[in-house]
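First comes the structure, then the notes that go with it.
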Amino acid sequence: MKIIDLLNKIANGEEVPEIIKYNNFIYKYNKDICDYDGDDLYLFDNTDKLNEEVEIIEEDKKIEKIKDILHIDDLIPPVDENMYKIWQQTIKNHNKINEIIDYLMENKQ
């Protein structure tokens, strides 16, 4: 996407990418000033670069928890002892992964 395209989107009230990369600097969109701010640099300060390309940085995506809840009761007999242990560990892993996802989402900056 070109810098001029970003300006046009802002002028038309359209949604713009929150984070971009230009000239090896990362810029975040600041709605208050309608400009991209990056370490005391502003993207729209210089009109000589309107046709230059910027790289859109993907925004963080929500991490989804494992949906299928496993229970010991889901085992179909006959089950040997090894299979039972594997199933127990699978359930523990499943629950731990969901705990980690909860933690990451709560502590996300």
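General remarks:
- Selection count, the stretch 37-51, where residues are assigned to a loop (DSSP other than H, G, I, E, B) and either small (Gly, Ala, Ser) or open to solvent by less than 80 Å² (accessible area, probe 1.4 Å) (or both): 2
- Filtered residue count, the stretch 1-25, keeping only those that are open to solvent by 90 Å² or more (accessible area, probe 1.4 Å) and aliphatic (A, V, I, L, M): 0
- Meets criteria (of a type in the set (A, V, I, L, M) and within 16 Å of the chain's Cα centre (by Cα)) for Ile20: yes
- Yes/no for Phe25 being over 21 Å from the mean Cα position of the chain (by Cα) and among the hydrophobic types (A, V, I, L, M, F, W, C): no
- When Glu99 is tested against (1) open to solvent by 80 Å² or more (accessible area, probe 1.4 Å); (2) modelled with pLDDT under 85; (3) more than 30 Å from Ile26 (Cβ to Cβ), exactly one condition is not met: (2).
- Residue match in the stretch 64-80 (condition: among the aliphatic types (A, V, I, L, M), modelled with pLDDT of 80 or more and loosely packed, with under 11 Cβ neighbours inside 10 Å): no
The values are calculated or read from the model by the stated rules, or taken from the named source; none is laboratory data. Predicted model only: the values in this text are computed from it and were never measured. In this analysis, Cβ positions are derived from the backbone assuming ideal geometry, glycine residues included, and neighbour counts consider all displayed protein chains. All accessible areas refer to the heavy atoms of the entire protein, side chains included, with ligands and DNA or RNA removed. Shrake-Rupley method; radii C 1.70, N 1.55, O 1.52, S 1.80 Å.
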